Amino acid sequence: MMLLQWFIFPPPPSVFIKAMSVISLTSIAILGFSEMRGKHLNYSKFWNSNSQNSTSKRQIKLSGRAGMLLLYTPAFLAAFISLLLLPHHHIRFVLLNSALTLHFFKRIFEVLFVHRFSSDMVLNSAIVISLSYFSSTSTMIYAQKLTQGLPEPPIDLMYFGIVLFLIGIFGNFYHHYILSNLRGTREKEYKIPKGAFLVAFTSLLFFSNGDIRVLLLKYALALHFFKRIFEVLFVHRFSGQMVVDSAIVISLTYFSSTATMIYTQHLTQVLQGPPIDLKYIGVLLFLTGICGNFYHHYLLSQLRGKGEKEYKIPKGGLFGLVIGPHYLFKIIAFVRVSFISQTVYAFCFTIGTLFYLMGRSYATRRWYLSKFEDFPQHVKALLPYVF
């Protein structure tokens, strides 16, 4: 516990923030373990993996693009609005908010212009993910706002977080781009890869920005989900639908996590900052992560042509080493959010996201192994040469 005090602001006197920290960590981690066990959220190549034929017919489905927009738009708006409306008195708040805004902006951009979708999304899965993004973004921004006025942590990770953000966002986008190029215009087959917006946006508009850390958090969340909405609208090429209950679950998760993150940051504004300031490191990580994520989303969108839905083998970027480089850069992007924020909730949400994306990438690699005999065995799930 003493070690954590060097990196993290003291927890604000808010039962809500403390509860959301525990809930986010445990619930998202459970989703990751569920992915490893074969119980998936119903989107992308796993959109109908949990459904029997009779049950699948009764599920409400969204197109892949519509489902992905539902995932990222609420969180992006949350980060963007908070960036506009909340007072920004500290650079860490500004960096965190900006990083979240850019992150989800990149995802929206990829959905709109990069991705080529080959499957649907079940609505309840979309709702779960969207609520998770929205609530985590909002809570992270609010938690960061609460740290304004508190002593900084002894170790400042903010600038390191900026570097990681840049790596993560560029790497994620690059590998999304590779995946998008796997299919032609009308192709739908799967190929092997190679080579919560509303809350954040609203908080930008209405919350006072008394601390630079709160402002950074709100911008980061708003940008993150704007990126995701942009990707859904202009990048991704969808090959199927999404079950409506899955979309609802995901959307609510994004929504609630975004709102909680913003609220938590808001509470820290009167607290002493951690001895180590990580916010500028967080900004660098955010920029790296969001650009890397967007680049790999763009690569994925180039896998298919217009009207194509089959999966193909992606080439370029880190797809020759791992099946989920866009997930890797997404993790980097959320690590940068934690460094910018340096709140307990932000770190809890990031750790939960890490477990979930580990499970999702593990399931994705297992899926490719089952579908393609020529899938290279040396390609790992998430971390090159390791996992």
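On the stretch given as region 331-364, residues that are at pLDDT 85 or above and in contact with a Lys or Arg (Cβ under 7 Å, 6 or more places away or on another chain) total 1. Among the residues making up region 142-159, a single one is surrounded by fewer than 24 Cβ atoms within 10 Å (Cβ to Cβ) and within 24 Å of residue 172 (Cβ to Cβ): 159.
Let's see how each residue does on (1) crowded, with 24+ Cβ neighbours inside 10 Å; (2) assigned to a helix (DSSP H, G or I):
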site	(1), (2)
253	yes, yes
258	yes, yes
295	yes, yes
316	no, no
329	yes, yes
332	yes, yes
337	yes, yes
354	no, yes
362	no, yes
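In the condition set (1) over 15 Å from residue 21 (Cβ atoms); (2) of a type outside the set (A, V, I, L, M); (3) crowded, with 24+ Cβ neighbours inside 10 Å, residue 139 is compliant with all but (1).
Number of residues in region 370-387 that are at pLDDT 85 or above and touching a Phe, Trp or Tyr at 6+ places or on another chain (Cβ under 9 Å): the value is 6. Can you spot a residue in region 80-94 that is among the small types (Gly, Ala, Ser), buried (at least 22 other Cβ atoms within 10 Å of the Cβ) and at pLDDT 80 or above? The answer is yes, given that some residue of region 80-94 is among the small types (Gly, Ala, Ser), buried (at least 22 other Cβ atoms within 10 Å of the Cβ) and at pLDDT 80 or above.
For first residues located in region 99-128 and surrounded by fewer than 24 Cβ atoms within 10 Å (Cβ to Cβ), partners that are part of a strand (DSSP E or B) and lie 6+ apart or on another chain with Cβ distances below 8 Å form the pairs 124/243. Please verify whether residue 171 is at pLDDT below 80 and within 16 Å of the chain's Cα centre (by Cα), treating the condition exactly as stated. Yes; evaluated as a whole, the condition is true for this residue. Assess whether residue 51 counts as being at pLDDT below 85, touching an Asp or Glu at 6+ places or on another chain (Cβ under 8 Å) and among the small types (Gly, Ala, Ser). For residue 51, the condition - at pLDDT below 85, touching an Asp or Glu at 6+ places or on another chain (Cβ under 8 Å) and among the small types (Gly, Ala, Ser) - is not met. Within the option set 224, 236, being touching a Phe, Trp or Tyr at 6+ places or on another chain (Cβ under 9 Å), modelled with pLDDT of 80 or more and closer than 20 Å to residue 174 by Cα holds for one residue only, 224.
Among all positions in region 57-68, there is at least one residue which is modelled with pLDDT under 85, part of a helix (DSSP H, G or I) and surrounded by fewer than 18 Cβ atoms within 10 Å (Cβ to Cβ).
The values are calculated or read from the model by the stated rules, or taken from the named source; none is laboratory data. Keep in mind the model is a prediction, meaning the values are calculated, not measured. Quick reminder, even Gly has a Cβ in these numbers, built from the backbone with ideal geometry, and neighbours come from all protein chains shown.
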